[in-house]
Amino acid sequence: MIGLTNRDLLLPYFVPYFAYVGIASMLANVISIELNYLLRIAVVTPLIFWAWKWYAPISISGQRFLSIAWGVGTGLAGCLLWCLLLAPFIDQAGEGTKPWSTQGFLLRLFAATLLVPLFEEIAIRGYVLRLALQWDQGRKNKVAEPLMEALDRSSLFDVKNGEWTVAAILISSIAFTLGHNTVEWLAAFAYSLLISWLWIKRGDLLSCIVAHGTTNFALALFVFNTGSWGFW
């Protein structure tokens, strides 16, 4: 939005993310997993609707179908990449873990497919990557305080579709990785690089969101049909 700096946009871009993570972590041992996911969905969904007017456009007009197609293809490849890189570090069968109820599985499937990809890509590729890009550009231009320049005198709306630097990709991928369990870090970092490539290729968030959702949906079907619950 015209006139808003990146600091002004921190709240709408990150409140849904931290609300979801906060409910997941703070209430993990307090309420049932089914109620936990239901609460996440009930709280985060209206937060996204509230914040939507502050988000940069997620798609390029006239190219939505192509972005969706690219997202689905990349998401399926991402699911394979995730499983290959995560497999050596986990008990794939998830032995000793409490089985998921049907209700719990469906609630998690809904959140992982439709909710998490939306707020996570908006936060990581929509904000962190663009802020890091503007910081990196300021640093290269020898701005006195590049981070303050990026936060207080720049707007992510000024970033062009698909614009990137190596530093912006690495910083945003590290941020994405830190949002996952330690055992998932290698898979998460590689996956973030893949989605960043898609951002560069397509230049919109829609393809990234669809890819992320496709990966999560495909992973859910994989673990459900093979019993490899350790991946979830």
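Laboratory data are not the source of any read-out in this text; all were calculated from the coordinates shown. Computed from a predicted model, the values in this text were never measured in an experiment. Reconstructed Cβ throughout: ideal geometry from the backbone, glycine too, with neighbour counts over all protein chains shown.
Comparing the chain with the 2.2 N^0.38 Å rule of thumb, its C-alpha radius of gyration ratio is 1.04 (two decimals). 3J(HN,Hα) couplings calculated from phi for the range 218-226 with the Karplus curve 6.51 cos²θ - 1.76 cosθ + 1.60 (θ = phi - 60°) are, in sequence order, 5, 5, 4, 5, 4, 5, 5, 8, 10 Hz; Gly and Pro show x.
Applying 1/(1 + (r/R0)^6) with R0 = 41 Å to the Cβ-Cβ distance of Val21 and Lys160, what FRET efficiency is obtained, to the nearest 0.05? All intermediate terms of the calculation are to be shown ahead of the outcome.
Working: r = 30 Å, r/R0 = 0.74.
For R0 = 41 Å, the calculated efficiency reads 0.85.
Among residues other than Tyr17 with Cβ under 11 Å from its Cβ, the summed charge is -2 (Lys and Arg +1, Asp and Glu -1).
Spin-label model, Leu114/Leu4: points 7 Å from Cα along the beta carbon direction are separated by 2.5 nm.
In terms of surrounding Cβ atoms within a 10 Å radius of their Cβ, Leu9, Leu76 rank from fewest to most as Leu76, Leu9.
Among Arg7, Arg125, which comes first, then next, by fewest other beta-carbon atoms within 10 Å? Write out the running numbers ahead of the final one.
Values: Arg7 15, Arg125 27.
With the sparsest Cβ surroundings first, the list reads Arg7, Arg125.
Evaluating 6.51 cos²θ - 1.76 cosθ + 1.60 at θ = phi - 60° for every residue in the range 59-64, the Karplus couplings come out as 9, 9, 4, x, 10, 5 Hz, glycine and proline recorded as x.
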